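Sharing a structure below in structure tokens format, with a few things to ask.
The values are calculated or read from the model by the stated rules, or taken from the named source; none is laboratory data. Treat the numbers as computed from the prediction; the structure is a model and nothing was measured. Note: ideal-geometry Cβ built from the backbone for every residue, glycine included; neighbour counts use all protein chains shown. Each accessible area value is taken on the protein alone, full model and side chains, heavy atoms only, with ligands, DNA and RNA left out. Shrake-Rupley method; radii C 1.70, N 1.55, O 1.52, S 1.80 Å.
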Amino acid sequence: MNKTLILLFHPDITKSRANAALAAAARQLPDTDVVDMQARYPSGQIDMFTNGAAEAEMLLGASRIVLQFPVQWYSTPALLKAWQDAVLTRMYYVRADTEGARLTGTPLMIAATAGNVAEAYGPGGRNHYTIGEILTPLKAMAHRCGLPWHAPHILFAAGHLSDGALADAAAHYVAALKRFAAWVPVPVTASPSILQNEGV
């Protein structure tokens, strides 16, 4: 098995330029599956047991995972949080031995688009916080689940790119995915399951 699974969390990919272009470029890579999660769950609702079983099977069939999404109000789209709540809670608490333990060690990369220019993200910029700081909850999730954290791939000023710049961005994404596929992380283990400390 040598498959990259890209879970695309965009509220409406038909209205996207940047994420649509990145996803289309990624689909041209061999051994790469791009899944439009909004199309999969148009209501935004994910059931931990029925849907969660299919999601767990999909994750466990991948060699590496990419979460692709637009940064919205310094966070992720709502469906990504719903997916975490249903799928990861199932895998790491309800079925930790049979599912979570098997997913542990699967590399994770974040591929995010941001609306402003890179200089806007930081103490001296309009958005004050760096992209790394904004992604901290996802990095904590990866740590908790034992998913080796690869350097994120960020596309800035995503809504303001010319056609040429967008084509270049798609090519850079493909290159980043190839580097990710070749990456050999240091083995990690999932953090201990302590339900009362995590509000489950």
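Using a cut-off of 20 Å between alpha-carbon atoms, which aspartates and glutamates can reach K81, once sequence neighbours fewer than 8 places away in the same chain are excluded?
Once the sequence-local aspartates and glutamates are set aside, what remains near K81 is D12, D36, D47, E55, E57, E99, E133, E198.
Would you kindly state how much longer the chain becomes between A171 and R17 on full extension, computed as 0.36 nm times their sequence separation minus their alpha carbon distance, in nm to one decimal?
Net length gain for the segment: 54.0 nm.
Take the Cα atoms of region 1-77, build their convex hull, and give its volume per residue in Å³.
Once divided by residue count, the hull of region 1-77 is 96 Å³.
Could you tell me what fraction of 2.2 N^0.38 Å the Cα radius of gyration of the chain comes to, as a two-decimal ratio?
1.01
Counting only C-alpha contacts under 8 Å and six or more residues apart, can you give the relative contact order of the chain as a whole percent?
Relative contact order for the chain comes out at 23 percent.
With every protein chain left in place, what is the accessible area per residue of region 5-152 in square angstrom, probe 1.4 Å?
45
Which value, in Å² and to the nearest 10, is the accessible area of R27 when all protein chains are kept and the probe is 1.4 Å?
R27 has an accessible surface of roughly 120 Å² with all protein chains in place.
So in the chain, what percent of DSSP beta bridges are antiparallel if you round to the nearest 5?
Roughly 5 percent of the beta bridges in the chain run antiparallel, per DSSP.
Given the DSSP H assignment, sum -39500 (n - 2.57) over each helix run of at least 4 residues in the chain and divide by its residue total; what's the result at 222 nm in deg cm²/dmol, nearest 500?
The helix-only estimate for the chain comes to -9000 deg cm²/dmol at 222 nm.
Counting only the backbone N, which residues of region 88-115 are under 15 Å from the spot 7 Å out from the Cα of A157 toward its beta-carbon?
114-115
If you don't mind, there's one more thing I want to ask. Please list, in chain and number order, the residues 5+ apart from T113 or on another chain whose amide H is under 5 Å from its amide H, with Hs placed from the backbone.
Amide H to amide H, under 5 Å and 5 or more residues apart or across chains, T113 pairs with F69, V71, L155.
Let me check against my output: what whole-number percent is the relative contact order of region 64-140, with C-alpha pairs under 8 Å and at least 6 apart?
Values: 62 pairs, mean separation 27.1, N = 77.
That works out to 35 percent.
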